[in-house]
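Visitor: What follows is a single structure, and I will ask about it in a moment.
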Amino acid sequence: MRGRRQALRLWHRWFGLGAGLWLVLLSLTGIAIAWYDEIDTALNPDLRRVAVSQAPPAPLASVLAHAEAALPGFEARQVQLAGEPGRTHWLIGRARGDDGASIGVQVFADPATGAVAGWRESGALRLDRRHLMDLIYGVHTDLLLGPVAAWLLGLIALLWLADHGVGLVLSFPRGERWRDAFGLAGRSGSLRRLFDWHRAKGMWAWPLTATLALTGLTLAWPETTREAVRLVSPVNERLHEHLPRQADPAAPNVTLDQAVARVSEGGRAVHSVRPMLQQGLYAIRTFDPRDVDNQGRLWTYVSAATGQIMGARHDRGDSAGDAFFAWQYALHSGHAAGAPGRIAVSLGGAVTILLWWSGIRLWWRRRRR
């Protein structure tokens, strides 16, 4: 028993020393991302806000035409509609750069007129106000290095989740009351007080940081974790995920505005639209009582050839596995509980940083002794 406990101590120590700086980086960027819209709007009010207008919204065809005029070769992959008066539409797609190569871009448009308020390059390695939040988001998801780095972050999340189990075991020594793991003892500045301070933070925040570790794993390793969950519950994909792509798709007979009007009949509010013309579809996301966050999780697919609704599916799906994955981003971002949820996520990131710092101090003082 003593040897097993010593092995767990060694694991906990060296995981903290080896992965701690990565967790600090992810925590700092995660805290910023929890407030992405607020920070990005403060940095770029000219992109994210426009004067409130009483005029009816401009047709999406006009919005896209303005974007194509401002950025030659622009092709929208997603259009997120303004969520409230005074906000801009957010168009994500690709355009031709100065050298003629295709680049990812984000275009912001006035909903009332369709005019372009401004644009920025996606994934650009720039620290100016235009690109700062997009850069932080990229660092958090894949260190700006692509799929290999995303896989590495998934591995760190998996080890972090395992370390939560190790920390739980180490926090309850035999002969101590369970309440001791949540409190402080020893005189101020003593090694015992430092140990208790490290342990108590981890115990109080354990449900929160364990949730961040688990959701970070599922978001970094989506396919692997889906295969694991399928062992106990079916997991279904969005309807467009496995539809065949057409090498030479025909020009659509139905406009994007007509598709949106078809789906929004009955007053359903539209969150965003995705032209998927290589699959002959428009995918339109609307808000629904089953949503677990503020993203609009009901997907409705409209044929670009006939205007017929080809199918609809909510992200929560029909199984426990579907519901599990629908909650992952909502929990990881904090949007599942609105502003209080994002405060909780920020607190989880702050506690993770403090745990790393107190762990380093604890290791160093014990090493000196």
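Visitor: Over segment 251-369, what is the mean sequence separation of C-alpha contacts under 8 Å (at least six apart), divided by residue count, expressed as relative contact order in percent?
Guide: Dividing the mean separation by the residue count of segment 251-369 yields 16 percent.
Visitor: Let me have the 222 nm mean residue ellipticity of the chain computed from DSSP H runs of 4+ only, each contributing -39500 (n - 2.57), with the sum over all residues rounded to the nearest 500.
Guide: -16000 deg cm²/dmol
Visitor: Using only alpha carbon positions, build the gyration tensor of the chain, then give the equivalent ellipsoid semi-axes as the square roots of 5 times its eigenvalues, largest first, whole angstrom.
Guide: 45, 23, 19
Visitor: While we're here: Apply 1/(1 + (r/R0)^6) to the Cβ-Cβ distance of E75 and V24, taking R0 = 41 Å, and write down the FRET efficiency to the nearest 0.05.
Guide: It comes to 0.60.
Visitor: Right, here's the next one. Give the residue from G104, P72, H89 lying farthest towards the positive end of the charge dipole for segment 45-128; charges sit on Cβ (+1 for Lys and Arg, -1 for Asp and Glu) and the dipole is referred to the Cα centre.
Guide: Comparing the listed Cα positions along the dipole, H89 ranks first.
Visitor: If you plug each phi of segment 313-329 into the Karplus form 6.51 cos²θ - 1.76 cosθ + 1.60 with θ = phi - 60°, what whole-Hz ³J(HN,Hα) values come out, in order, with x for Gly and Pro?
Guide: 7, 8, 4, 6, x, 10, 9, 5, x, 4, 5, 4, 6, 5, 7, 5, 5
Visitor: How big is the dipole moment of segment 45-128 about its Cα centre under a simple scheme where the beta carbon of each Lys and Arg is +1, that of each Asp and Glu is -1, and everything else is neutral? Debye, nearest 20, please.
Guide: With only Lys, Arg, Asp and Glu charged at Cβ, the dipole is about 180 debye.
Visitor: Have a look at Q278, Q78, Q246 and tell me which one the Gaussian network model of the chain (Cα, springs below 10 Å) gives the largest fluctuation.
Guide: Among Q278, Q78, Q246, the largest mean-square fluctuation in the Gaussian network model of the chain belongs to Q246.
Visitor: In whole Å, what is the distance between the alpha-carbon centres of segment 243-280 and segment 5-48?
Guide: 37
Visitor: Report, in degrees rounded to the nearest 10, the 0 to 90 angle that the Cα long axis of helix 206-220 makes with the longest principal axis of the chain.
Guide: Approximately 50 degrees, to the nearest 10.
Visitor: Give me the distance in nm between label points sitting 7 Å out from Cα along the Cα-to-Cβ direction at F172 and A228, one decimal.
Guide: Modelled inter-label distance: 2.3 nm.
Visitor: Hey, quick one: spin label on L243, modelled 7 Å out along Cα-Cβ, who in segment 67-86 has an amide N within reach, i.e. under 20 Å?
Guide: 75-81
Visitor: With point charges of +1 on the Cβ of Lys and Arg and -1 on the Cβ of Asp and Glu, referenced to the Cα centre of the chain, which listed residue (W119, A200, H271) lies farthest in the positive direction of the dipole?
Guide: A200
Visitor: How far is the Cα center of segment 296-369 from the Cα center of segment 100-170, in Å?
Guide: 14
Visitor: Expressed in nm to one decimal, what extension gain is obtained for the pair E84 and A251 from 0.36 nm per residue of sequence separation less their Cα-Cα distance?
Guide: Extra length from E84 to A251 when fully extended: 56.9 nm.
Visitor: Nearest 10 degrees, 0 to 90: what angle lies between the long axis of helix 60-70 and the longest principal axis of the chain (Cα atoms)?
Guide: Relative to the chain, helix 60-70 is tipped by roughly 80 degrees.
Visitor: About its Cα centre, how strong a charge dipole does segment 185-292 have in debye, to the nearest 20, once Lys and Arg get +1 and Asp and Glu get -1 at the Cβ?
Guide: 780
Visitor: For the chain, modelled as a Gaussian network with Cα springs under 10 Å, which listed residue fluctuates most, G183, G280, G104?
Guide: G183
Visitor: For a label point 7 angstrom out from the Cα of W14 toward its Cβ, which stretches of segment 156-191 have the backbone nitrogen within less than 17 Å?
Guide: Backbone N within reach: 156, 159-160, 162-164, 166-167.
Visitor: Give me, ordered by chain and number, the residues 5 or more places off A115 or on other chains with an amide H under 5 Å from its own placed amide H.
Guide: D110
Visitor: I want to check the label-to-label distance for A312 and R49. Put each point 7 Å from Cα in the C-beta direction and report it in nm to one decimal.
Guide: Distance between label points: 3.6 nm.
Visitor: Here's a follow-up. Against the longest alpha carbon principal axis of the chain, how many degrees, from 0 to 90 and to the nearest 10, is the axis of helix 191-204 turned?
Guide: 40
Values quoted throughout were computed directly from the atomic coordinates according to the rules given, and no laboratory measurement underlies them. Worth saying up front: this structure is predicted, and the values here are computed from it rather than measured. Cβ sites come from the backbone with ideal geometry, for glycine too, and all protein chains shown count toward neighbours.
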